[in-house]
Amino acid sequence: QINAYYNSGAAAADQASVTKAALAWTKTWVKTTCGSLKPKQVRACKAAAVFDIDDTLLSSFPQLASLPAPFTFDVAAYTASVQNCTMPVIAPALALYNSLKSLGVTPFLITGRGESERAATEQCLAKVGITDYKALILKPTGNTQVASDRKAEQRKTLMKQGWKIGPSIGDQISDMSHGYLARGFLLPNVMYYLP
């Protein structure tokens, strides 16, 4: 069923539906928050969007589908996919990312990837066309928080710096839990759940 969902195009259609809604909502939010849709004014207003990476901007489906059912997490296989940049970009999410940049919304990337994966992640993002983000915020070395708590704290820090976070786009509820954002947009992920 999981293979059919992704291979049939149903996942891509759902991704496109969510990202279309995110763009429409963000345009309204920007106009209300910043009083303008002119990119220069939106940037000055410090309007921001937060994106997750894995299964939001990049898809782990091809790598997970190659493993024995039921999509058992293989640390070595995942690490190799990060280091070798073998996760394909999720086209609707990349389109949303670029559309928000064009609006003047500043993107931040908040991910569960660790600091040891920074160089490989930065290189891979550049390779697939994900550029000009304000910051790539990774999981600090030794951090043991669940994703929902850590990501909320990281968004809170951004807001303390004066950023106004509109949308948070991710594939897990933990990408938008505990506030410090205006609205969450959940991309479909039927492969795994992270608290």
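Quick rundown of the values:
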| read-out | value |
| --- | --- |
| Conditions (1) in contact (Cβ under 8 Å) with a residue 12 or more places away in the chain; (2) more than 30 Å from K40 (Cα to Cα): number failed by Q123 | (2) |
| Strands (runs of 3 or more DSSP E) enclosed by segment 121-195 - at least 1 residues per element that are open to solvent by 40 Å² or more (accessible area, probe 1.4 Å) and among the hydrophobic types (A, V, I, L, M, F, W, C) | 183-186 |
| Hits in segment 53-112 - residues which are within 22 Å of G9 (Cα to Cα) and of a type in the set (D, E) | D54, D55 |
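The values are calculated or read from the model by the stated rules, or taken from the named source; none is laboratory data. Everything numeric in this text was worked out from a predicted model, so none of it was measured. For neighbour counting, all protein chains shown are included, and Cβ atoms are generated from backbone atoms with ideal geometry for every residue, glycine included. Keep in mind that these areas ignore ligands, DNA and RNA; they rest on the heavy atoms of the full protein, side chains included. Shrake-Rupley method; radii C 1.70, N 1.55, O 1.52, S 1.80 Å.
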